[in-house]
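The block underneath contains the structure these notes are about, expressed in structure tokens.
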Amino acid sequence: MKTQPYKQDTGKLAYKVGVTLDRFIKSKQQDFPFATGELSQILRDIALASKIVSREISRAGLSDVTGSFGQTNIQGEEQQKLDVVANVRFTRALTKGGEVCAVVSEEEDLVIDLQNSKGKYVVAIDPLDGSSNIDVNVSIGTIFSIYRRKTPTGSPIQEQDVLQKGSEQVAAGYVLYGSSTMLVYSTGNGANGFTYERSLGEFFLSHPQMQMPADGGIYTINEGLTPYINPNILSYLEGCKRKGASARYIGSLVADFHRNLLKGGIYLYPATSQAPNGKIRLMYEANALAFIAEQVGGAASDGTKRILDIVPENLHQRTPIYIGSKNMVSGLEKALSV
Ligand code: AHG
Ligand code: MN
Ligand code: MN
């Protein structure tokens, strides 16, 4: 049979749409620590749920999804309706995907056993980060960590499957519902960012091999906390100001982290006299972002050690966190050691 090559040079007639998340995941599958396709499926499940959540969020204000759900979570925080919606969407997608055996969520007191006897993975998730910003139309996010279970598949879930150090993550990432919706993830070979094209219903690679500047001109802290924090941190911040740094604080960790990743900066949520472990939760906020930070050349510390080296003792434990540009984080650690 006579054949002809496909003529690719039709750029002017039909511009290229770029690399979809699905194709990217597939092309990178061999780089995964366990290249069986299961981790790829989990990333696809998370992407699917994030598209649904993005749709729900974009209707906030029109449909009845804003405001309080009327219950508090284990942290004693009031759950917003969208916290609950996002929790359902992600948990359901991970259940149906079949690769995950257990989920740790900010919105659930205990570990959720998904009863997937074949599932080899554990996911820790903050389904909706920055809940206080939902009702005021400000960027919010989702944060996720993926671990491989330690005990044999099919056996009951044990503490050792769940309470793993951040350095054991096989993949992690976040979704930012901002001026556009973006998904950033890493499987330990750098981090890549994808922007959601709503009309096509697809994420496209928009930020390949992301890199965080080693230094930056932004400091990000809730300055209302200053009477309650270690004065050495205040001296550090004074130093930033003298160098001309700007203050930026959104109050959604994902959004604050993402901006600092792109522009260079440091995010601080220190211990305070009222909250000696700070506010940010280790398992479903700090670890995933610390993993991404290190993958893009940044750093994440609790003040004295790597966030990723902390051995968790319980699901909802908190940690002080200093995360962002490498030199800024080491400068902060130095200031704390004085
Ligand atoms: P969540 O909405 O998941 O409970 O997380 C809120 C977190 C984090 O996103 C943000 O950086 C921080 O809380 C803001 O805390 P303050 O209001 O104390 O500044
Ligand atoms: Mn959060
Ligand atoms: Mn949350």
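The values are calculated or read from the model by the stated rules, or taken from the named source; none is laboratory data. Quick caveat, the model's predicted, so the values are computed rather than measured. Positions of Cβ are backbone-derived with ideal geometry, glycine not excepted, and every protein chain shown enters the neighbour counts. Each accessible area value is taken on the protein alone, full model and side chains, heavy atoms only, with ligands, DNA and RNA left out. Shrake-Rupley method; radii C 1.70, N 1.55, O 1.52, S 1.80 Å.
Brief remarks on what is shown
- Taking label points 7 Å from Cα along the Cα-to-Cβ direction, Lys26 and Gln317 give a separation of 4.2 nm.
- Ranked by how many other beta carbons lie within 10 Å on average, peptides 158-171, 282-295 from highest: 282-295, 158-171
- Selection of chymotrypsin sites (Phe, Trp or Tyr not before Pro), segment 1-98, meeting DSSP coil and at most 16 other Cβ within 10 Å: Tyr6, Tyr15, Phe34
- For segment 59-71, backbone phi angles converted through the Karplus equation (6.51, -1.76, 1.60; θ = phi - 60°) give residue-by-residue couplings of 9, 3, x, 9, 8, 8, 10, 8, x, 7, 7, x, 9 Hz, Gly and Pro being listed as x.
- Additional length obtainable on full extension of the chain from Asn230 to Ser63, 0.36 nm per residue less Cα span: 55.8 nm
- Considering helices alone, the calculated mean residue ellipticity of the chain at 222 nm is -8500 deg cm²/dmol, with DSSP H runs of length four and up weighted by -39500 (n - 2.57) and normalised per residue.
- Distance between modelled label sites at Glu77 and Gln274, nm, 7 Å Cα→Cβ extension: 1.5 nm
- Under the convention that each Lys and Arg Cβ holds +1 and each Asp and Glu Cβ holds -1, the size of the dipole of segment 139-207 around its Cα centre is about 120 debye.
- Helix 38-58 axis versus longest C-alpha principal axis of the chain: approximately 70°, rounded to the nearest ten.
- The chain: relative contact order as a whole-number percent, Cα under 8 Å and 6+ apart: 15 percent
- From most to least packed by mean Cβ count within 10 Å, the peptides 40-47, 111-118 give 40-47, 111-118.
- Per residue solvent-accessible surface (Å²) - the chain, probe of 1.4 Å: 46 Å²
- Once the chain from Tyr249 to Ser117 is taken as fully extended at 0.36 nm per residue, the excess over their C-alpha distance is 43.2 nm.
- Axis of helix 326-337 versus longest Cα principal axis of the chain: the two differ by about 30°, to the nearest ten degrees.
- Probe 1.4 Å - accessible area at Ser246, Å² to nearest ten: 50 Å²
- Straight-line reach from Lys326: taking Cα to Cα under 13 Å and skipping same-chain neighbours fewer than 8 places apart, the aspartates and glutamates in range are Asp215, Glu294.
- DSSP beta bridge pairing in segment 218-337, given as percent antiparallel to the nearest 5: 70 percent
- For the chain, dividing the convex hull volume of the Cα atoms by the residue count gives 165 Å³ per residue.
- Percent accessible area from carbon and sulfur atoms, the chain, protein chains only, probe 1.4 Å: 50 percent
- Considering only beta bridges that DSSP places wholly inside the chain, some 80 percent are antiparallel.
- Across the options Phe69, Ala171, Leu234, the greatest Cα extent toward the positive end of the charge dipole of the chain (unit charges at beta carbon of Lys, Arg, Asp, Glu) belongs to Ala171.
- Considering only Gln295, Ile266, Gln317, and ranking their Cα positions along the charge dipole of the chain that arises from unit charges at the beta-carbon of Lys, Arg, Asp and Glu, the one farthest toward the positive end is Gln295.
- Within the chain: Cβ-based charge dipole about Cα centre, in debye rounded to nearest 20 (Lys, Arg +1; Asp, Glu -1): 1320 debye
- Amide hydrogen neighbours beyond the local backbone of Gln317, cut-off 5 Å, H modeled: Leu282, Met283
- Solvent-accessible surface ranking, highest first, for Thr3, Thr181 at 1.4 angstrom: Thr3, Thr181
- Cross-linked pairs Lys243/Lys334; Lys26/Lys118; Lys96/Lys120; Lys28/Lys51; Lys51/Lys279: Cα-Cα separations exceed 19 Å for Lys26/Lys118; Lys28/Lys51; Lys51/Lys279.
- For Glu202, the amide hydrogen comes within under 5 Å of the amide hydrogens of Glu197, counting only partners 5 or more places away or on other chains and with H modelled in the peptide plane.
- Helix 253-263 and the long axis of the chain differ in direction by around 80°, with both axes built from C-alpha atoms.
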